[in-house]
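Below is one structure, written out as structure tokens; the observations come after it.
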Amino acid sequence: MARKKLGEHLVEKGILTQAQVDEVIALVRDIQARQKIRPDRIIGHSDIAPGRKQDPGPAFPWKQLADAGLVPWPDANLVMIKRLEHEVAPQSVAWLQARLARIGYKTPQTGVLDEATRDVIATFQMHFRPSDIGGIPDPETAALIEAITTPNGMRLVQPDGSSQPYTWRW
């Protein structure tokens, strides 16, 4: 774990209003600039402790933070291509576990879809695909995992609105 960390605890449960999201974005932008925090180091409590911690939860606006240039996001075109590939040839649980570990998740390396692995997959889904957080591997989840672990598979929005390749520093 990094020597510097920020815990943003949102008291209200459920979906944030856009005004609250805007405040979170401004706060993260300010802290990130002052503390010189890399974009890939802005993560949720659940990313550190899958299965044990659930915050900030699936309603947290990670994609809006990405659109604001604060965190990297998987390249949508690469995800679309990889999703089709994973629909035809699904990856093994061992592959998913190894890739999730490369990203930084504490993942069992058993090749078995056990409860701990499902917890990690659900946590990953909360962050990158909150529409379905059941912890079940599927082609979209595998495609997102592959994009993140592929050099230049992530994008970071720049101040001018363009996006540049960003390699997650696992």
Those residues of the stretch 154-170 which are at pLDDT below 95 and in contact with a helix residue (DSSP H, G or I) (Cβ under 8 Å, 6 or more places away or on another chain), in sequence order: TYR166, TRP168, ARG169, TRP170
Answer from ILE133, ILE121 - the residue that is open to solvent by less than 20 Å² (accessible area, probe 1.4 Å) and either part of a strand (DSSP E or B) or in contact with a Pro (Cβ under 7 Å, 6 or more places away or on another chain) (or both): ILE121
Return the residue satisfying two criteria in turn: it lies in the stretch 15-42 and is open to solvent by less than 50 Å² (accessible area, probe 1.4 Å) and in a loop (DSSP other than H, G, I, E, B), and of such residues it is modelled with the highest pLDDT. ILE37
Of the residues that sit in the stretch 69-85 and are open to solvent by less than 30 Å² (accessible area, probe 1.4 Å) and either in a helix (DSSP H, G or I) or hydrophobic (A, V, I, L, M, F, W, C) (or both), which one is farthest from ASN152 (Cα to Cα)? LEU70
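Within the stretch 98-116, can you find the residues that are in a helix (DSSP H, G or I) and in contact with a helix residue (DSSP H, G or I) (Cβ under 6 Å, 6 or more places away or on another chain)?
Hits for the stretch 98-116 are ARG99, LEU100, ILE103.
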Select from the stretch 86-107 the residues that are at pLDDT 95 or above, open to solvent by less than 80 Å² (accessible area, probe 1.4 Å) and not polar (S, T, N, Q) and list them in ascending order. HIS86, ALA89, VAL93, ALA94, TRP95, LEU96, ALA98, ARG99, LEU100, ALA101
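The values are calculated or read from the model by the stated rules, or taken from the named source; none is laboratory data. Keep in mind the model is a prediction, meaning the values are calculated, not measured. Note that we place each Cβ from the backbone using ideal geometry, even for glycine, and neighbour counts take in every protein chain shown. Areas reflect the complete protein model, heavy atoms only, side chains present, ligands, DNA and RNA absent. Shrake-Rupley method; radii C 1.70, N 1.55, O 1.52, S 1.80 Å.
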